[in-house]
1. Within 13 Å, Cβ to Cβ, of Val55, how many net charges do the neighbouring residues add up to if Lys/Arg are +1 and Asp/Glu are -1?
2. In whole angstrom, note down how far apart the Cα centers of segment 161-183 and segment 48-111 are.
3. Using C-alpha positions alone, give me the convex hull volume of segment 45-135 per residue in cubic angstrom.
4. Of the peptides 95-103, 157-165, how do they stack up when ordered by the mean number of other Cβ atoms within 10 Å, highest first?
5. Based on the Kirkwood radius over alpha-carbon pairs, what value in µm²/s does the Stokes-Einstein equation return for the translational diffusion coefficient of segment 104-194 at 20 °C and 1.002 mPa s?
6. Report the net charge of residues surrounding Ser73, where surrounding means a beta-carbon distance below 15 angstrom and charges are Lys +1, Arg +1, Asp -1, Glu -1.
7. In whole percent, and with a 1.4 Å probe on the protein chains, what portion of the accessible area of segment 85-194 is carbon and sulfur?
8. Take every Cα pair under 8 Å in segment 40-194 that's 6+ residues apart, average their separations, divide by the length, and report that relative contact order as a whole percent.
Amino acid sequence: MIKTFMCLIVVFAVWTGCTKTDPVQRRVAMKAASAKAENMQVTASQSLYRVLPAVNFALNKVVDIKDLSTADSAEVWQWDWLNYPSQKWKAEKISGSFYRLINSLSGKALTARNNIAGNTLVQATYSGNPGQYWKLGTSAQAGYYTLLNQNGLAMALQSNSGSNGTAFIADSKSNAATQRFVVQRIFNNPLRSS
């Protein structure tokens with residue numbers, strides 16, 4: 001066990017270039033690591049994100065699709081982070097600061113149904129509906145964001161509950177705690193399959 005641990009430390013030190021004390025050698029090692037990362041051809045459009053409601057950030061709750069559904073009109077709800085594809089989102093730029101948020105499992109877009117405040121958010125086939133255009137807005141609390149659609153409605157947790165299955169709704173922008181989110185890029189480790 002100790003031998004394995006020491007071996008891991010040595011591999012980590014070599015991999016990160018920590019054994020190189022000369023600044024020139026460090027730069028060469030960093031450039032080599034950057035080139036290796038570029039060869040993986042991971043672009044921002046391929047990046048996956050998880051979205052966490054700020055009120056339940058400590059509980060590790062995320063935006064998820066109800067019952068792992070791939071159907072149109074499946075509701076969007078809060079659930080424990082389990083690293084499921086239904087909990088991962090791809091941001092695809094549409095125009096200006098607006099993106100469509102595409103669910104990794106279904107390939108469907110986050111949608112404010114009928115663009116009416118109070119309606120549950122769903123996933124739907126992308127159609128260019130303004131309820132499918134989303135942008136990050138600033139929040140009253142540093143480090144958190146609001147998600148606003150093209151009609152000015154904000155994504156919000158229906159209640160301040162930490163329970164699994166709590167729905168997300170479209171709501172009038174108010175900077176309420178239920179409208180604040182953390183958006184985290186998910187690191188896909190090429191050395192480990194998930």
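The values are calculated or read from the model by the stated rules, or taken from the named source; none is laboratory data. Values in this document were obtained by computation on a predicted structure and should not be read as measured data. In this analysis, Cβ positions are derived from the backbone assuming ideal geometry, glycine residues included, and neighbour counts consider all displayed protein chains. Surface accessibility is based on the protein's heavy atoms, side chains included, excluding ligands, DNA and RNA. Shrake-Rupley method; radii C 1.70, N 1.55, O 1.52, S 1.80 Å.
1. Numbers: positive: Lys61, Arg180; negative: none.
Computed value for this residue: +2.
2. 13 Å
3. It is 100 Å³ per residue.
4. Working: 95-103: 17.0, 157-165: 14.8.
Top of the packing list down: 95-103, 157-165.
5. Approximately 151 µm²/s, per Stokes-Einstein.
6. Values: positive: Lys66, Lys108, Arg113; negative: Asp67, Asp72, Glu75.
Within the 15 Å Cβ shell, the charges total 0.
7. On the way: 2450 of 5250 Å².
Carbon and sulfur atoms account for 47 percent of the accessible area of segment 85-194.
8. Working: 378 pairs, mean separation 39.2, N = 155.
Relative contact order of segment 40-194: 25 percent.
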